[in-house]
Amino acid sequence: MNTRYLFAFLVVFVLFLVSWLGAAAGLGWLFGVVIPYAAVVVFVVGFARKVLSWAASPVPFAIPTTAGQGRSFPWIPQAKIDNPASNWGVFLRLLFEVLTFRSLFRNTRMRLKEEKLTYQLEIFLWVGALAFHYAFLTVLLRHTRFFLEPTPWCIQVLETLDSFFRVEILYPGVQFGLPAVYLSGFVLLAAVVYLALRRIVIPSVRYVSLASDYFPLLLIFGIAFSGILMRYVTKVDIRAVKELTLGLVTFRPTVPEGIGAVFYIHLFLVCTLLAYFPYSKLMHLGGVFLSPTRNLRGDTRAYRHVNPWNYPVPVHTYEEYEEEFRDKMVEAGLPVEKPLADAADEAAQEKE
Amino acid sequence: MGEALFARIAKERAPLLSLWFDAALEGYARDTASFLKDRRDPFANPVGHHTRRGLERLFDELVGAMDMEAVTQALDPILRIRAVQHLTPARAVEFLFRFKRILSERFGAAPRSAEAAGLLFELHERIDRMVLAAFDVYMACREQVMELKANEMRQRTFRAFQRAGLVRPEHEKAPEADGE
Amino acid sequence: MAEAKPTPQDVLHRIQHTPPRSDWMETPVEIRKGMYCYAANPKSVATLGLPHPHAWNPVEDDWHLPENWQQILHEGFKERLERFRSFKVFMDICVRCGACADKCHYFIGTGDPKNMPVLRAELLRSVYRNDFSRMGRLLGKVNGARPMSFEVLREWWYYLFQCSECRRCSLFCPYGIDTAEITIMGRELLNLLGLNIDWIATPVANCYMNGNHLGIQPHAFKDMIDFFVDDIEEKTGVRVKPRFMEKGADILFITPSGDVFADPGTYTAMGYLMLFHYLEEKYGLKVTWSTYASEGGNFGFFTSHETMKRLNAKMYAEAKRLKVKWILGGECGHMWRVIHQYMDTMNGPADFLEVPVNPITGTRFEQARSTKMVHLVEFTADLIHHGKLDLDPRRNDYLKVTFHDSCNPSRGMGFFEEPRYVIRNVCNHFYEMPANTIREQTFCCGSGAGLNAGENMELRLAGGLPRANAVQHVHRKYGVNMLACICAIDRAALPALMDYWVPGVQVTGVHELVANALNLPGQNERTTNLRGEEFEELMAQAEGQSDEG
């Protein structure tokens, strides 16, 4: 039995129980107001502190991983994104890294034709990761409607797009009364399931996975699942929810009656994620921009990178070297700074 | 009935090879084995590739001509890899014995007739010959590793000095083996 | 035995006899012969005044550590987190996606799961979580945190000296996490306890005191070059006249000492001499060698940032003393990572030198504007591009050449087209290895970062397997018989690798190929190559081989 994913599962389960019992006990204020505020504070402060702590450590050397031809002669074409020599190139490199997971994609590029099947699992990591992150982003953006009144037009456009790719429900009877189906929520759920299964099934990935790798996946699963549950099955009172969320952002918190327990579970898991975020690997969100192998130019011989803590070090000077080998150098016909005679004189003087 | 056993084995080439390949990977950690098995690109996974190819050729010899030169050639890449890995000599050649078990699990351990017994004996004897050849290959590889260990420095550095006449060790007047 | 419950995939693959695998943190490390290098000679450690020089043996249970070794490591760890953003960020952001797992040549070759880059980094991260994260310490093992112990230290030492800092994994990491950077930090920490390997520590001491890794004293260095001069005369009929520590020469030339003292690098060194002679005869260019700065390589890089700086300082110091215009660097791998990404920062600005201009072609080396050090291969490429070399590539016609991209010029520089351009101009038969084994995806020779000792031959051969395997492919497919490279460690390490995996393939530096093709003014009919092999025989052999094929 793998204690690591069991542990993560257990923690998420406890979180679920806590919020469920909390909601049942009528602790609306605690779960609807106090904890969300606390979570946001922890998130913002923690995130800032982490980024500041990274930024506090200098970058003593420019160590980009050069992934293509560097800038050379005009007649040699340079890989301007993979080995950038301009800040614009670095920007594009990071942009592709962040938006398309370019390095991860490199995984899948090389393929021999004769071999098929299992090898293609490689591309699924990239596809899965991409699906997960974009679905998450879409869901996140959609949720801003809960915090803004009126809902901005761009969010409405996004919602339309998201539901535009709607999954047609086959039974008209069931579809009746259903709100538009947002694809992103289901993609998120599927991607999370895939990423979690991948971790459990592929031995080498399972071997290196920690509880802190399973935990966020299970947590996000819980969030997505409870969200979908609320939207399509238990039907929370949206108006009441929006009243609560608007109250939160306008600092006039109220706890309206009649919000179902599922909402509090959902909210509590979100709060946990927020509070956990800055202290976990999820900080790769911020870290990727600070990675010195990706965010520096490759033209390190053309421009000097300054190390703020560069300190003088003892070196074995030429003078010391010549002092030791002068006889042999002269004998071998190598030029010396001080001829043998002078050196002998000096030695004699020193003795006196 | 004569060729029956060999023909039956040959007919199940793919599944038997797959089992044999799995057995050959048992000396590795589980996560490593899954990488060796799943990653099909011969350049990204040379160990898996050479092991697989070697077993295919061994299989064909086993049910075919049993040409010992071909057998040695098929064994070479597999054992050459194992000779520099963490496997003990016994572990390194174990995969050949394992094929006996795979066959008996697949076709039954007890032969039903004297003729079948003869064939089974012949088959086992062939595998044994492979094992013996494997020992030879393994040892030759180990010896080569030891030789590289002992001589590399001498060959690369001292030879250059020697050519330049910068070292003339008194106790070593033997002519250079590979000098010009 | 608590056997792990098999997953469907395990059942599918019927792995039955795999030993029950414990969690990686509970799998004790076994320091195996053939995989590790001998411990540093304390004298070498003391020469540079590095911490805690002492005699010890990796396979013994007592490493004679200082009493407060855990504290030393903790403080050293903390200091490096504060000094290197790379280290701090890489400790925090790994998501263990597994993309790097199968990219390491040591993992591919040895099959040891702790050679997966992610786990190599986790060796340090596990201690980081325990020492520098409250949550990490609280959750302990389940979250991959563990206190520093002797077992952990052994694991660090064993696996940090099974990484050649080749950076292939960092190429595939979505966050650019660079295991080389982690290995560099880990080795620095080990050095705080005097736990270097001798193959690194002694060359470092040699280089510091004598100017080069092999500890060759100035007169012997000159003797060796003089021997090359005789040898070149014997083979070409031309007597080249190298300059030594000549003040006011145009260019200072620095190459790894391996080129001067170890075959087949020696032939590359002869190539350098011939090229410089040609340039002086034809164009009056004066290039000088130095015995003080007679080492391009920098094993200090494999010890600590500070040691790297101490060894590297000689390059600028000597250029300044000799009042040359700029510096030219020979064919070397890690030397060029140091020059390209560290030198100017550490020991610059080199305002006493000029922006490098090739006086023969007029090309201004914009790419080396600040560091003022030019790679010999780009220098030669520029000469060829401007038609300044008289080349007869037919003398290399017996060769079928492939090119091994060395890790450091590849992933620390992006130096791909220059060597290919030169090779294509001096050889008529050039073949590339498969795309996922060259250029930025190149595989290490298996012996980089100070691991090219003799005692760890098994590690080197296993780690070099992915490279050798690709060579074998072109050897079989095209009859490739020569593996060209621009790295002295490659030239030292690849011959053994080829002997073992792909007999029939030899190893050469690019400038040996250049020199064989180069027509020297006043040369004889050139019946042999620099190795003294008769061209006629070689051609006949080559034809015989291609007839067979």
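Residues that are more than 21 Å from C:Ile184 (Cβ to Cβ), surrounded by fewer than 24 Cβ atoms within 10 Å (Cβ to Cβ) and facing chain A (nearest Cβ under 9 Å): does the range C:301-319 have at least one?
yes
Within the bounds of the range A:205-224, is there any residue that is touching a Leu at 6+ places or on another chain (Cβ under 6 Å), away from chain B (no Cβ under 14 Å) and either over 24 Å from C:Met135 (Cα atoms) or modelled with pLDDT under 85 (or both)?
Yes, that holds for at least one residue.
Is there any pair with a first residue in the range A:10-22 that is modelled with pLDDT under 90 and a second that is exposed (fewer than 15 other Cβ atoms within 10 Å of the Cβ) whose Cβ atoms are under 6 Å apart and which are 6 or more apart or on different chains, and what are they?
As it stands, the answer is none, since no pair meets every condition given.
If only one of C:Leu189, C:Leu160 is within 17 Å of the chain's Cα centre (by Cα) and touching a residue at least 12 places away in the same chain (Cβ under 8 Å), which one is it?
Values: C:Leu189 fails: within 17 Å of the chain's Cα centre (by Cα).
The match here is C:Leu160.
Which one of the conditions (1) within 11 Å of chain C (Cβ to nearest Cβ); (2) loosely packed, with under 15 Cβ neighbours inside 10 Å; (3) modelled with pLDDT of 90 or more does A:Ser86 fail to meet, given that it meets all the rest?
(1)
In the range C:356-398, which residue that is aliphatic (A, V, I, L, M) and more than 10 Å from chain A (Cβ to nearest Cβ) is surrounded by the most Cβ atoms within 10 Å (Cβ to Cβ)?
Result: C:Leu376.
Among the listed residues C:Leu285, C:Leu279, identify the single one that is in contact (Cβ under 8 Å) with a residue 60 or more places away in the chain, surrounded by fewer than 24 Cβ atoms within 10 Å (Cβ to Cβ) and not in a helix (DSSP H, G or I).
C:Leu285
Using the structure shown, decide if C:Ser294 is in contact with an Asp or Glu (Cβ under 7 Å, 6 or more places away or on another chain) and within 11 Å of chain A (Cβ to nearest Cβ).
Answer is no for this residue.
Taking the range C:249-268 as the search range and keeping residues that are under 16 Å from the mean Cα position of the chain (by Cα) and of a type in the set (S, T, N, Q), which one is nearest to the other protein chains (Cβ to nearest Cβ)?
C:Ser257
Determine if the range C:518-536 includes at least one residue that is touching a residue at least 24 places away in the same chain (Cβ under 8 Å), part of a helix (DSSP H, G or I), surrounded by 15 or more Cβ atoms within 10 Å (Cβ to Cβ) and within 14 Å of chain B (Cβ to nearest Cβ).
no
Take C:Glu79 and decide whether it is without any contact (Cβ under 8 Å) to a residue 24 or more places away in the chain, part of a helix (DSSP H, G or I), on the phi < 0 side of the Ramachandran plot and surrounded by fewer than 24 Cβ atoms within 10 Å (Cβ to Cβ).
Yes; evaluated as a whole, the condition is true for this residue.
Tell me which of these A:Gly260 doesn't satisfy, since it passes every other one: (1) over 18 Å from the mean Cα position of the chain (by Cα); (2) of a type in the set (Gly, Ala, Ser); (3) within 9 Å of chain C (Cβ to nearest Cβ).
(3)
Among residues belonging to the range C:233-260 that are out of contact with any helix residue (DSSP H, G or I) (no Cβ under 6 Å at 6 or more places or on another chain) and part of a helix (DSSP H, G or I), point out the one that is surrounded by the fewest Cβ atoms within 10 Å (Cβ to Cβ).
Per the stated criteria, the residue is C:Glu234.
A quick yes/no check of all residues on (1) crowded, with 18+ Cβ neighbours inside 10 Å; (2) away from every other protein chain (no Cβ under 12 Å); (3) at pLDDT below 60; (4) out of contact with any helix residue (DSSP H, G or I) (no Cβ under 9 Å at 6 or more places or on another chain):
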| position | (1), (2), (3), (4) |
| --- | --- |
| C:Asp23 | no, no, no, no |
| C:Thr27 | no, no, no, no |
| C:Glu30 | no, no, no, no |
| C:Ala40 | yes, yes, no, no |
| C:Gly49 | no, no, no, yes |
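Please return the ranges of helices (runs of 4 or more DSSP H) entirely within the range C:394-511 where 1 or more residues are charged (D, E, K, R) and more than 15 Å from the chain's Cα centre (by Cα).
C:417-426, C:457-463, C:465-478, C:488-501
Does B:Leu36 satisfy being at pLDDT 85 or above, out of contact with any Pro (no Cβ under 6 Å at 6 or more places or on another chain) and on the phi < 0 side of the Ramachandran plot?
no
Being under 12 Å from C:Phe87 (Cα atoms), in a helix (DSSP H, G or I) and assigned by TED's automatic domain parsing to the domain that holds C:Pro28: is that true of C:Glu181 here?
Yes: the conditions hold for C:Glu181.
Residue by residue through the range A:298-310, note down the ones that are more than 7 Å from chain C (Cβ to nearest Cβ) and crowded, with 22+ Cβ neighbours inside 10 Å.
Across the range A:298-310, there are no qualifying residues.
Could you tell me how many of the residues in the range B:1-26 are away from chain A (no Cβ under 14 Å), surrounded by fewer than 17 Cβ atoms within 10 Å (Cβ to Cβ) and under 20 Å from the mean Cα position of the chain (by Cα)?
So the answer is 1.
Yes/no matrix, rows are residues, columns are (1) assigned by TED's automatic domain parsing to the domain that holds C:Tyr272; (2) touching an Asp or Glu at 6+ places or on another chain (Cβ under 6 Å); (3) under 15 Å from C:Trp289 (Cα atoms):
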site	(1), (2), (3)
C:Cys207	yes, yes, no
C:Ile216	yes, no, yes
C:His219	yes, no, yes
C:Lys222	yes, no, yes
C:Asp226	yes, no, yes
C:Glu233	yes, no, no
C:Arg243	yes, no, yes
C:Lys247	yes, no, yes
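Out of the range B:27-41, which residues are without any contact (Cβ under 8 Å) to a residue 12 or more places away in the chain and either over 18 Å from the mean Cα position of the chain (by Cα) or away from chain A (no Cβ under 12 Å) (or both)?
B:Ala29, B:Arg30, B:Asp31, B:Thr32, B:Ser34, B:Asp38, B:Arg39, B:Arg40, B:Asp41, listed by residue number.
Could you list, in sequence order, the residues of the range C:280-300 that are closer than 15 Å to C:Cys332 by Cα and polar (S, T, N, Q)?
C:Ser294, C:Asn298
Using beta carbons and a limit of 7 Å, which pairs, at least six apart or on different chains, have the first residue in the range C:446-458 and within 13 Å of another protein chain (Cβ to nearest Cβ) and the second one of a type in the set (Val, Ile, Thr) and part of a loop (DSSP other than H, G, I, E, B)?
Short answer, once both residue conditions are applied: C:Glu458/B:Val84.
May I ask you to say which residue of C:Ala249, C:Ala262 is modelled with pLDDT of 95 or more and of a type in the set (A, V, I, L, M)?
Details: C:Ala262 fails: modelled with pLDDT of 95 or more.
Among C:Ala249, C:Ala262, only C:Ala249 is modelled with pLDDT of 95 or more and of a type in the set (A, V, I, L, M).
The values are calculated or read from the model by the stated rules, or taken from the named source; none is laboratory data. Because the structure is a prediction, the values reported are computed rather than measured. Positions of Cβ are backbone-derived with ideal geometry, glycine not excepted, and every protein chain shown enters the neighbour counts.
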